[in-house]
Amino acid sequence: MIQIITDTGSDLPKQLLEEYDISMLPLVVQINNEEFLDRSNIEPKQLYTYMKDGAAPKTAQVPPALIKETLSSYAKNGKPAIYITLSSGISGTYQTAVLMKNEVLEEYPDAQIEVFDSQAASLGYGLMVYEAAKEAKAGKTMNEIISTLQHYQTHLESIFTVDDLEYLLRGGRVSKTAAVMGALLKIKPVLHMEDGKLFPLEKLRGKKKVLGRMVELMKERAETLDDMTIGISHADDTETAQALKELIIAETGNRNILITMIGCAIGAHAGPGTIALFFLNTPKKVY
């Protein structure tokens, strides 16, 4: 069976990692001059508490030595592996992983190792990892799994909203004026991923309107929502995530919805209260 590897930016819940034997590598989080490994010695709730108290965390890619050690362990044992990384548009992990793969292949030239740039974030590429792991468990080949990942990379839609523009301001995503005006007018931005990077899409006033618009956008962009796993991730806001789920069920009838908490790697930039929605605009054909 092919080993599927990802990193903590994918925000997959622990039970799925265990069920499908997915290996997860930690991204680095720096808070108040202290360094943590995401989901190893810091959990998302702790991060959001720090942020609410005024901390401005930074993140760094998965340590190169850890990537090499992980890929080497599978190469040494002759086990094929695919490492699906956080988007290269927002992290250097993909580029580093390619370098580490090449070093491993120098030592184990016959090893079957692939590194795949998800061009997505949070549960967006979590869904890609989940699908790849299901195919690996079903005995699919390396080429078949890569083909599925390429389909997701091309057709995945990622729509976000944030609770407080201040956190995007810190990350350079919005201007100081926009953040101040947004707070005064209770304006909430709707953003999406394009070419692996985050871009503003619309601005709306009020959480209820934003959730409704997110569902509208999903219905506009998706060819069909039948038999599809829809992903919702949230930054310590279970109530709003559940409200979005109920709205999707009411509007589309799809109940195949996976909800997870946004981890430290993404949450450090988006901030508490972020809500994200993920789906395919074109279903993968089954042959």
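The values are calculated or read from the model by the stated rules, or taken from the named source; none is laboratory data. Quantities reported herein were computed from a predicted structural model and do not represent experimental measurements. All Cβ positions, even for glycine, are placed from backbone atoms using ideal geometry, and neighbour counts span all protein chains on display. Calculation scope for accessible area: heavy atoms of the full protein, side chains included, ligands and nucleic acids excluded. Shrake-Rupley method; radii C 1.70, N 1.55, O 1.52, S 1.80 Å.
Numerical summary
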read-out: Carbon/sulfur fraction of accessible area - the chain, other protein chains in place, 1.4 Å, %; value: 48
read-out: Average Cα contact separation per residue, region 1-119, under 8 Å, 6 or more apart, as relative contact order %; value: 27
read-out: Accessible area of the chain divided out per residue, in Å², using a probe of 1.4 angstrom; value: 47
read-out: Leading residue at positive end of dipole, the chain (Cβ point charges), from MET193, SER73, ALA121; value: MET193
read-out: Most positive-pole-ward Cα, GLY253, ILE84, MET142, against dipole of the chain from beta carbon charges; value: GLY253
read-out: Evaluated at q = 0.11, 0.15, 0.21, 0.22 Å⁻¹: base-10 log I(q)/I(0), Debye formula over Cα of region 50-132; value: -0.35, -0.59, -0.97, -1.03
read-out: Computed over the chain: relative contact order in percent, which uses C-alpha pairs under 8 Å that are six or more apart; value: 24
read-out: Residues with amide H under 5 Å from that of GLU194, placed H, sequence gap 5 or more; value: PHE199
read-out: For region 200-285: relative contact order, % (alpha-carbon pairs under 8 angstrom, 6 or more apart); value: 41
read-out: Rounded to the nearest 20 debye, dipole of the chain from Cβ charges on Lys, Arg, Asp, Glu; value: 840
read-out: Full-stretch length increase - ASP53, SER23 - with 0.36 nm per residue and alpha-carbon distance subtracted; value: 7.5 nm
read-out: With Cα atoms, 0 to 90° folded angle of helix 123-137 axis to the chain main axis; value: 30
